[in-house]
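The values are calculated or read from the model by the stated rules, or taken from the named source; none is laboratory data. These numbers come from a predicted model, not from an experiment. Counting neighbours? That spans all protein chains shown, and the Cβs are built from the backbone with ideal geometry, glycine included. The accessibility values were calculated without ligands, DNA or RNA, using every heavy atom of the protein model including side chains. Shrake-Rupley method; radii C 1.70, N 1.55, O 1.52, S 1.80 Å.
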Amino acid sequence: MSGLLTTKPGAVDCVERGTPNGPAIMFLHHGFGTLLSLVNLAGSLNGHLPEHRLVLYSRPGCGRSPPMSPAKPPDYLTREATIVLPAVMDALGVESADLVGHSDGGSIALIAAAMHPDRVRSITALAPHVIVEARTRKGIRALPETGSDHEFERTLAQRHNNIDVAYTAWRALWLSKDMAEWDITPLLPSIFCPVQLVQGGADEYGTFRQIDLIETRVSSPSVSVLRIADAGHEIHKSHPEAVLAACLDAISAGSQINAGLRG
């Protein structure tokens, strides 16, 4: 399918590739991204896993997806992991899936695995965040304010129906006092599925501490970490082959565990 998908909490712009009834891979984009943000990675995975069902959607308020609230509340990542993602899966008839998430999307994948373990087979988290670092806020502060960079704003307008929701509210929230102490590390011990972590040393929004915290606190017996010293935040674009291999490893591990449980 392609277009607006009706779910219980609201509609999302969604597109699928691969085999309709195959094992599902759900893609979760960054803070002010869209379903197109991970489309190249999805295409590469589709070439290696043609029997899988690949689902990309623009998260609420991003791209062509209508917002589900007027602004982003401090718990928006938890809401998207526990309400929106399961609702999208329900609307598509997906019982469980491998999750590939970048940045905010990686955090959503981690929260979903902790709170809905029966619905997540594996996680590939690219530049995820579980706490707010000084570098996180510095990187976001360096992003233009709405109205200060017309070229940047034109680009946003081409990608989003409403840049105030998709970008302005997101930027303001991450720089607010409400998010200064945001921390999802208490959820990490509840994660048991295979976890693949990928982080760049030159990431503008986070350090290796993010994946160190995840690696040492999840309960999963299958955790792999890929640190790429010269990679920035969009690590799937700068190092596509390494990221593709990481995704394939996580999905394979999830499939093996799922097959073992069925057996």
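Among residues belonging to the stretch 40-52 that are out of contact with any helix residue (DSSP H, G or I) (no Cβ under 8 Å at 6 or more places or on another chain) and open to solvent by less than 30 Å² (accessible area, probe 1.4 Å), point out the one that is farthest from GLY105 (Cα to Cα). Show your work before the answer.
Residues of the stretch 40-52 out of contact with any helix residue (DSSP H, G or I) (no Cβ under 8 Å at 6 or more places or on another chain): 42-43, 46-47, 50-51.
Next cut, open to solvent by less than 30 Å² (accessible area, probe 1.4 Å) only: 42-43.
On the way: ALA42: 14, GLY43: 18 Å.
In this case the residue turns out to be GLY43.
MET179 passes all but one of (1) open to solvent by less than 50 Å² (accessible area, probe 1.4 Å); (2) farther than 24 Å from LEU77 by Cβ; (3) not aromatic (Phe, Trp, Tyr); which number fails?
All conditions pass for MET179, except number (2).
Would you please name the residue that is most open to solvent (accessible area, probe 1.4 Å), looking only at residues in the stretch 225-263 that are at pLDDT 95 or above and β-branched (Val, Ile, Thr)?
VAL225
Exactly one condition in (1) outside any loop (DSSP other than H, G, I, E, B); (2) under 21 Å from ALA71 (Cα atoms); (3) open to solvent by 60 Å² or more (accessible area, probe 1.4 Å) is not met by THR136; state its number.
(3)
Scan THR82, THR78, THR19, THR34 and give me the residue that is at pLDDT 95 or above, over 17 Å from the mean Cα position of the chain (by Cα) and of a type outside the set (Lys, Arg).
Numbers: THR82 fails: over 17 Å from the mean Cα position of the chain (by Cα); THR78 fails: over 17 Å from the mean Cα position of the chain (by Cα); THR34 fails: over 17 Å from the mean Cα position of the chain (by Cα).
Of the residues listed, the single one that is at pLDDT 95 or above, over 17 Å from the mean Cα position of the chain (by Cα) and of a type outside the set (Lys, Arg) is THR19.
Suppose the filter is in a loop (DSSP other than H, G, I, E, B), surrounded by fewer than 20 Cβ atoms within 10 Å (Cβ to Cβ) and within 18 Å of the chain's Cα centre (by Cα); does GLY206 pass it?
Answer is no for this residue.
So GLU95 ticks every box in (1) closer than 18 Å to HIS52 by Cα; (2) touching a Ser or Thr at 6+ places or on another chain (Cβ under 7 Å); (3) of a type in the set (Asp, Glu); (4) surrounded by fewer than 18 Cβ atoms within 10 Å (Cβ to Cβ) but one. Which box is left unticked?
(2)
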